[in-house]
Amino acid sequence: STVAAAPASAKAHRALAEALYEADPTHRNLDEVIASADRAVALLEPLEDERNTFQAFRQAGAYYLDKATQVEQATPANPAERRRLYSRALHLLDRAVVIARLGASQLPGGSMEPEADAQRLRAAAILGLENPSLALVAAKRSRELSPLHPLGYRLSTSALLAMHRDEEAVMTLLTGSIVSGDQA
């Protein structure tokens with residue numbers, strides 16, 4: 001009803017996307033979720049980064065990552081669609097990083113966690129695009145910003161394994177286990 005009452009509200013479209021995503025645990029409705037998230041992003045795209053919202057771009061990027069995973073699992077013979085989805089996710093997440101950095105720099109002691117979160121998602125998208133060296137850069141940045149989060153170490157490990165740097169991957173995973181306390 002909010003989207004119907006305020007069709008030019010990015011916040012309403014973002015909230016609808018989130019509600020749709022949460023309403024279906026199987027996420028078979030991802031096309032509808034993405035359509036709402038894309039409407040929100042389209043409304044925000046023209047705004048300068050200083051006045052923009054990190055969450056809309058981060059959330060849309062994450063939905064595209066989920067869709068790419070669905071496509072990969074359902075139709076592994078469709079690499080062009082998978083690549084398109086990962087590329088779109090990366091584009092959105094790149095913007096989320098810029099917005100998050102600006103937001104953190106504008107507040108004394110601003111949290112770096114939003115950028116770390118976006119960098120983790122960027123690393124996953126870049127791995128999906130089969131560029132492990134660039135994925136490693138994003139994963140390392142996420143670890144610098146949020147060293148206690150285990151996913152940054154896992155993503156770094158995946159990138160290192162893809163580059164056949166097995167010993168370094170093992171050391172990264174062990175370090176992550178020790179630093180984050182996550183034994184998985």
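The values are calculated or read from the model by the stated rules, or taken from the named source; none is laboratory data. Keep in mind it's a predicted model, so treat the numbers as computed, not measured. Glycine also receives a Cβ, built like all others from the backbone with ideal geometry; neighbour counts cover every protein chain displayed. With ligands, DNA and RNA removed, areas are computed over all heavy atoms of the protein, side chains included. Shrake-Rupley method; radii C 1.70, N 1.55, O 1.52, S 1.80 Å.
Leaving out ligands and nucleic acids, and using a 1.4 Å probe, what accessible area per residue does the chain come to in Å²?
53 Å²
Local charge sum around Y86 (other residues, Cβ-Cβ under 14 Å, Lys/Arg +1, Asp/Glu -1)?
Numbers: positive: K67, R82, R83, R84, R88, R122; negative: D66, E72, E81, D94, E130.
Residues close to Y86 contribute a combined charge of +1.
Kindly provide the helix-only [θ] at 222 nm of the chain, computed as the sum of -39,500 (n - 2.57) over DSSP H runs of four or more divided by all residues, to the nearest 500 deg cm²/dmol?
Details: 9 runs with 140 residues, N = 184.
Computed ellipticity for the chain at 222 nm equals -25000 deg cm²/dmol.
Summing +1 for each Lys or Arg and -1 for each Asp or Glu, what net charge is found among the other residues whose Cβ lies under 11 Å from the Cβ of A74?
Here the charged neighbours net out to +1.
Using a/c under 1.5 as the rounded threshold, could you call the range 103-150 rounded, prolate or oblate? The axes a ≥ b ≥ c are square roots of the C-alpha gyration tensor eigenvalues, and prolate needs a/b larger than b/c, oblate otherwise.
Since a/c reaches 1.5 and a/b is larger than b/c, the shape of the range 103-150 is classed as prolate.
Of S105, T175, P132, which is farthest along the charge dipole of the range 32-184 in the positive direction, counting Lys and Arg as +1 and Asp and Glu as -1 at C-beta?
Positive-end residue among those listed: P132.
Roughly speaking, what is the stretch gain from D24 to S9, that is 0.36 nm per residue apart minus the C-alpha to C-alpha distance, in nm to one decimal?
Here the answer is 3.1 nm.
Please express the shape of the range 1-69 as an equivalent ellipsoid: the semi-axes are the square roots of 5 times the eigenvalues of the C-alpha gyration tensor, given largest first in whole angstrom.
Numbers: eigenvalues 80, 45, 14 Å².
Equivalent ellipsoid of the range 1-69: 20, 15, 8 Å, largest first.
Would you mind computing, in nm to one decimal, how far apart the modelled labels at E81 and E32 are, each placed 7 Å from Cα along Cα→Cβ?
Each label point is offset 7 Å from its Cα along the Cβ direction, giving 1.9 nm.
Kindly state, to the nearest 0.05, the FRET efficiency for L107 paired with L134, given R0 = 30 Å and r defined as their beta-carbon distance.
Values: r = 29 Å, r/R0 = 0.97.
The computed FRET efficiency comes out at 0.55.
With a 1.4 Å probe and all protein chains left in place, how much of the accessible area of the chain comes from carbon and sulfur atoms, in whole percent?
Result for the chain: 57 percent of the exposed heavy-atom area is carbon or sulfur.
Note down the net charge around L30, summing +1 for each Lys or Arg and -1 for each Asp or Glu among other residues with Cβ under 10 Å from its Cβ.
With Lys, Arg at +1 and Asp, Glu at -1, the neighbours total -2.
Any idea how far the Cα center of the range 20-96 sits from the one of the range 137-184, in Å?
Centre-to-centre (Cα) distance: 25 Å.
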